[in-house]
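Written out below as structure tokens is the structure these notes cover.
The values are calculated or read from the model by the stated rules, or taken from the named source; none is laboratory data. Just so it is clear, the structure is predicted and the values come from calculations on it, not from any experiment. Neighbour counts run over all protein chains shown; Cβ positions are idealised from the backbone, glycine included.
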Amino acid sequence: MSILEFTLLVWMGSFTAGFLGALTGLGGGVVIVPLLTSVFGVDIRYAIGASLVSVIATSAGAASAYIKKGYTNLRLGMFLEVATTVGAIIGALIATFVSVKALTVVLGIVLLYSAYLSQQPRPDEYFDSEPPDPLVAQLRLNGTYPTADGAISYQVHSLPVGFSLMVLAGVISGLLGIGSGSLKVLAMDQAMRLPFKVSTTTSNFMIGVTAAASAGVYLARGYIDPGLSMPVMLGVVPGALLGAKVLVGARTQVLRVIFSLVLAAMAFKMVYNSLHGGI
Amino acid sequence: MYQFDSRSQWLSPVQSESNVVPFPLQQKAPDCDAGEISQDLEVAGESQVAEVSSDRQLQLTIANLLKYGVILATATVFIGAVLYLIRHGAEPADYHIFRGEPSMFCSPAGVMSAVLSGSRRAIIQLGLLILIATPVLRVIFSLITFLRQRDFTYVIVTSVVLSGLLYSLIGAYFRFQ
């Protein structure tokens with residue numbers, strides 16, 4: 001395959017991944033690594049580097065609109081970035097001496113878990129009667145977000161649990177070059193009990209900094225290849241932007257099911273290939 | 001994505017437990033205009049006037065910084081891509097075996113000197129570096145804003161994040177060479 005053909009095929013694959021990732025809320029990064037390794041036969045380390053770059057691009061591109069609309073909780077995002085940044089550097093450093101087989105198996109598990117999470121029903125919204133947490137008040141993390149009925153205020157709960165989960169999300173992001181958005185949203189939805197739109201947009205806001213933290217390590221290790229990252233980035237970004245536009249009013253239930261099945265299939269193929277000396 | 005559908009679902013608990021939601025619901029959809037900020041202020045209290053408007057200012061600046069950072073990075077990568085494909089498009093592609101990038105593509109300084117010496121792949125790599133720098137700039141900008149506001153809790157928070165990023169971008173390079 002010539003570089004031109006390879007570039008065009010990877011571009012089309014990345015565009016589709018970005019589009020579906022945005023439509024289903026799973027993010028493009030989680031598909032890019034298995035797509036590059038199991039379909040295009042790319043070494044997983046190059047795939048992680050290219051995915052990481054595309055994750056920064058989609059995060060920054062989408063965050064801009066969400067921040068302007070007022071969904072993103074900037075202070076909460078910046079506070080939790082302490083956890084994800086530290087986690088991401090640890091993850092990236094682990095990735096540089098762990099075997100490719102181990103990386104592949106961990107990625108397979110994370111993919112299956114993401115596929116499972118995307119099938120879970122959204123948690124109900126909470127109205128809490130608990131007194132405000134003094135630490136949360138001190139950090140001024142509580143906020144409001146816009147709805148059709150005006151601004152609704154919300155409280156942040158279980159900050160220590162959320163913070164610990166964010167360290168884990170950072171490690172996985174740094175280890176595998178994905179945004180680990182599903183884990184971040186899980187921490188904010190379930191542990192910190194934030195409204196769904198606040199957790200998804202704040203997660204998206206944090207992903208850029210988290211990915212940048214591990215990108216430095218990957219760049220220094222020579223994992224970020226310009227020829228491969230170029231079609232991935234140029235494909236994922238317009239794909240994700242288009243997906244976000246189509247999302248309004250689209251019925252995504254069926255799509256979610258199909259997408260998570262594809263994800264699971266790719267995860268199995270990748271782990272199988274790796275354990276049988278393939279790729 | 002999740003839809004905030006039924007309006008009654010939202011309103012009923014708010015009415016029964018008014019202490020839960022300190023901000024009364026506003027009639028119009030919130031936007032970034034001055035009217036909404038002043039409505040917020042009536043509830044939030046005079047002392048927070050400066051903070052609310054400067055937080056809003058920070059939001060807008062960060063949003064624009066991220067937007068233009070991505071546009072600049074994408075444009076650079078695209079230009080590099082066209083030049084690269086014109087010259088190397090017919091060569092065979094091989095990402096099957098990991099070799100690691102040549103050391104000039106592994107650091108900002110190396111990429112800059114490769115761009116100046118006419119490498120087309122280096123132009124793409126420069127675009128990727130601009131992309132990685134965008135969230136870093138966002139953290140630097142937030143740090144300056146919090147310093148100006150004398151919000152020292154967040155000065156510490158953003159400083160920790162920034163040192164992590166700088167360690168990764170600069171420290172890792174020296175460690176691995």
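Here are the numbers:
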| read-out | value |
| --- | --- |
| In the stretch B:72-92, the residues that are farther than 21 Å from A:Glu5 by Cα, more than 10 Å from chain A (Cβ to nearest Cβ) and not polar (S, T, N, Q) | B:Leu72, B:Ala75 |
| Filtered residues of the stretch A:59-74 (kept if part of a helix (DSSP H, G or I), over 12 Å from A:Val209 (Cα atoms) and more than 7 Å from chain B (Cβ to nearest Cβ)) | A:Ala62, A:Ala65, A:Tyr66, A:Lys69 |
| Qualifying residue in the stretch A:34-46 (condition: under 19 Å from B:Thr74 (Cα atoms), part of a helix (DSSP H, G or I) and either touching a helix residue (DSSP H, G or I) at 6+ places or on another chain (Cβ under 9 Å) or within 12 Å of chain B (Cβ to nearest Cβ) (or both)) | no |
| Residue in the stretch A:221-235 that is under 19 Å from the mean Cα position of the chain (by Cα) and more than 9 Å from chain B (Cβ to nearest Cβ) present | yes |
| Filter pass, A:Thr202 being β-branched (Val, Ile, Thr), part of a helix (DSSP H, G or I) and within 12 Å of chain B (Cβ to nearest Cβ) | no |
| Index of the failed condition, A:Arg193 passing every other in (1) closer than 15 Å to A:Leu76 by Cβ; (2) crowded, with 24+ Cβ neighbours inside 10 Å | (2) |
| The stretch B:87-123, subset β-branched (Val, Ile, Thr) and touching a residue at least 12 places away in the same chain (Cβ under 8 Å), residue farthest from A:Trp11 (Cα to Cα) | B:Val111 |
| Which numbered condition B:Tyr95 misses (of (1) more than 7 Å from chain A (Cβ to nearest Cβ); (2) buried (at least 17 other Cβ atoms within 10 Å of the Cβ)) | (1) |
| Pairs with Cβ under 6 Å, 6+ apart, first in the stretch A:1-13 and at the interface with chain B (Cβ under 7 Å from one of its Cβ atoms), second surrounded by 15 or more Cβ atoms within 10 Å (Cβ to Cβ) | A:Met1/B:Ala93; A:Ile3/B:His88; A:Ile3/B:Gly89; A:Ile3/B:Ala93; A:Leu4/B:Leu85; A:Leu4/B:Gly89; A:Phe6/B:Ala93; A:Thr7/A:Pro231 |
| A:Met230 being part of a helix (DSSP H, G or I) and either over 25 Å from A:Leu36 (Cα atoms) or in contact with a strand residue (DSSP E or B) (Cβ under 8 Å, 6 or more places away or on another chain) (or both) | no |
| Residue count, the stretch B:120-155 (criterion: assigned to a helix (DSSP H, G or I) and out of contact with any helix residue (DSSP H, G or I) (no Cβ under 7 Å at 6 or more places or on another chain)) | 5 |
| Residue match in the stretch A:53-65 (condition: within 13 Å of A:Met266 (Cβ to Cβ) and free of Cβ contacts under 8 Å to residues at least 40 places away in the same chain) | no |
| Sole residue being of a type outside the set (Lys, Arg), crowded, with 23+ Cβ neighbours inside 10 Å and at positive phi, chosen from A:Gly70, A:Gly27, A:Gly61 | A:Gly27 |
| Qualifying residue in the stretch A:127-140 (condition: closer than 20 Å to A:Ala267 by Cα and either at pLDDT below 80 or polar (S, T, N, Q) (or both)) | no |
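Residue-wise test of (1) surrounded by fewer than 18 Cβ atoms within 10 Å (Cβ to Cβ); (2) modelled with pLDDT of 85 or more.
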residue	(1), (2)
B:Arg7	yes, no
B:Pro13	yes, no
B:Gln26	no, no
B:Asp31	yes, no
B:Leu60	yes, yes
B:Ala63	no, yes
B:Phe78	yes, yes
B:Pro102	yes, no
